[in-house]
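**Q** Right, I'll just put the structure down here and ask away after.
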Amino acid sequence: MVMTGCILVLNTGSSSIKYELVDVTTRERPAAGLVERIGEDGGRLTHRTGDGPPYVRERPFPGHGEGLEAMMTAFEEAGPPLSPVAVGHRVVHGGTRFTEAVLIDDDVVTAIEELAPLAPLHNPVNLAGIRLARKAFPGVPQVAVFDTAFHRTLPPEAHTYAVPRDWRERLGVRRFGFHGTSCAYVSRRAAALLGRDLAGLNLIVLHLGNGASATAISGGRSIDTSMGMTPLEGLVMGTRSGDVDPALAGYLARVDGLDAQEVEHALTNRGGLLALAGTRDMRELRSRDDAEAALALDVYTRRIRKYVGAYYALLGRVDAIVLTGGIGEHDAATRAACLAGLERLGVVVDPALNEAGGDGERAVSPPGAEVAVLVVPTDEEWEIARQAHALIS
């Protein structure tokens, strides 16, 4: 049976609810919106339907419950009528239990809650959205789509850390990887752009936003990825440090009395570009002409280039490098810098194509390049709706 109708996609963040109404069968998007600054001053809801002016409401939203109520009111007052056939939820961490999208029941809710220590900034708020939606839409199927699920194909030599056996077996310490929903979408779109079957392609996907990751994909399967047990490992990000010496926490405990939780919080919330240059905004960094901004940009792009080289070695052959995320899609200077010096590997960015701008899918490598360099805007909402639709059909 093929289900027809719209799927409501909810992406619940720590201080926001991003939502979109998606009809998978017609590819139409009747409405989309954002409730932002939940629990903070300056709360704002922006609700869009078609090409007309947005419906905007500015008022405090003390919690996610008030945010969801405001979303429902926006649909009532600005349309369209909200009667979803399913609700799809983004959930960051699925651990080893959830390797594909699942229908949500009480057991799934409990399991997502139990996984919260692995993603303390994400799973609890994802779960808040699920609980609110189950109350708001009783009887409507609710589907969880996990960021970690795409990386279920990581081979043991990629997901295994060289740590004590007890940690691995009893505590589940291993690499999981994230941004999987984005990787699934852009890898399929890259294959379409190239006019080739995804099963025969080797890709490196660079998801560059406030969170950033690199993923090596062979035949549509993730074989390595930069984020680890948590989203902290890997590339330099907006506020996350990425790779650091594991002994750092012990050193800081000895010399400054910091405990592990304080170190983890600092590396997650006060690291990255923010730590290096006082801002996590790439646009601001590009506009500055000072040593701190220059160093931050050099550290950021060098780390990406290092991972590209490593994943090239693992794959053996690379057909395309795919850039996505806010920075990957819109920042030409970062695209050029993070792939500079790789010409001997067949990786070339064409300056004119790269700087031409535009928001759509496109190649920024010269025609006929050995390794295509592609810009593919990610669409996690579409991917969540697609997986939810497949599950309820």
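**Q** Please enumerate the residues belonging to the stretch 175-223 that are in contact (Cβ under 8 Å) with a residue 24 or more places away in the chain and on the phi > 0 side of the Ramachandran plot.
**A** Residues satisfying the conditions are Gly177, His179, Gly220.
**Q** Next question, about the same structure. Enumerate the pairs (first residue in the stretch 69-91 and under 13 Å from Ala32 (Cα atoms); second residue anywhere and in a helix (DSSP H, G or I) and of a type in the set (A, V, I, L, M, F, W, C)) with beta-carbon separation below 6 Å, excluding pairs fewer than 6 apart on the same chain, so at least 6 apart or on different chains.
**A** Sorted first by the residue in the stretch 69-91, then by its partner, the pairs are Leu82/Phe75.
**Q** Here are the criteria: (1) out of contact with any helix residue (DSSP H, G or I) (no Cβ under 7 Å at 6 or more places or on another chain); (2) farther than 18 Å from Ser241 by Cβ. Tell me which single one Glu361 does not satisfy.
**A** Exception for Glu361: condition (1).
**Q** Out of all the residues in the stretch 35-71, which are among the aliphatic types (A, V, I, L, M) and within 16 Å of Val22 (Cα to Cα)?
**A** Met71
**Q** To continue, here is another question. Collect the residues in the stretch 149-174 that are touching a Ser or Thr at 6+ places or on another chain (Cβ under 8 Å) and in a loop (DSSP other than H, G, I, E, B), keeping them in residue-number order.
**A** Leu154, Gly172, Arg174
**Q** Please enumerate the residues belonging to the stretch 329-369 that are closer than 18 Å to Ala310 by Cβ and acidic (Asp, Glu).
**A** Glu343, the sole residue that qualifies.
Every residue, every condition in (1) crowded, with 19+ Cβ neighbours inside 10 Å; (2) modelled with pLDDT under 95; (3) not aliphatic (A, V, I, L, M), yes or no:
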residue: Tyr161; (1), (2), (3): no, no, yes
residue: Trp167; (1), (2), (3): no, no, yes
residue: Gly195; (1), (2), (3): no, no, yes
residue: Ala199; (1), (2), (3): no, no, no
residue: Val205; (1), (2), (3): yes, no, no
residue: Ala216; (1), (2), (3): yes, no, no
residue: Asp245; (1), (2), (3): no, no, yes
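**Q** Inspect the stretch 127-137 for any residue being closer than 22 Å to Val173 by Cα and not charged (D, E, K, R) and give the result as yes or no.
**A** No, the stretch 127-137 contains no residue that is closer than 22 Å to Val173 by Cα and not charged (D, E, K, R).
**Q** Still on this structure, I have one more. Residues being assigned to a loop (DSSP other than H, G, I, E, B) and farther than 13 Å from Pro80 by Cβ: count how many of those fall in the stretch 23-68.
**A** 19
**Q** Same structure, new question: Going by the conditions given, is Gly94 surrounded by 13 or more Cβ atoms within 10 Å (Cβ to Cβ), touching a Phe, Trp or Tyr at 6+ places or on another chain (Cβ under 6 Å) and of a type outside the set (A, V, I, L, M)?
**A** When the stated conditions are applied, Gly94 passes them.
**Q** Looking at (1) of a type in the set (Gly, Ala, Ser); (2) in contact with a strand residue (DSSP E or B) (Cβ under 8 Å, 6 or more places away or on another chain); (3) part of a loop (DSSP other than H, G, I, E, B), can you tell me which one Ala74 breaks?
**A** Unmet condition: (3).
**Q** Please pick out the residue among Arg29, Arg48, Arg59 that is within 25 Å of Ile392 (Cα to Cα) and among the basic types (Lys, Arg).
**A** From the options Arg29, Arg48, Arg59, the qualifying one is Arg29.
**Q** Is it the case that some residue within the stretch 121-132 is surrounded by fewer than 21 Cβ atoms within 10 Å (Cβ to Cβ), in contact with a helix residue (DSSP H, G or I) (Cβ under 8 Å, 6 or more places away or on another chain), of a type outside the set (A, V, I, L, M) and in a helix (DSSP H, G or I)?
**A** Yes; the residues of the stretch 121-132 include at least one that is surrounded by fewer than 21 Cβ atoms within 10 Å (Cβ to Cβ), in contact with a helix residue (DSSP H, G or I) (Cβ under 8 Å, 6 or more places away or on another chain), of a type outside the set (A, V, I, L, M) and in a helix (DSSP H, G or I).
**Q** Can you list residue pairs whose Cβ atoms sit under 8 Å apart, with the first residue in the stretch 28-46 being polar (S, T, N, Q) and the second being assigned to a loop (DSSP other than H, G, I, E, B)? Count only pairs 6 or more apart in sequence or on different chains.
**A** Pairs that qualify, where the first residue is polar (S, T, N, Q) and the partner is assigned to a loop (DSSP other than H, G, I, E, B), are Thr46/Pro54.
The values are calculated or read from the model by the stated rules, or taken from the named source; none is laboratory data. Fair warning: this is a prediction, and the values are worked out from it, not measured in the lab. Methodologically, a virtual Cβ is constructed for each residue, glycine included, from the backbone with ideal geometry; neighbour enumeration extends over all protein chains shown.
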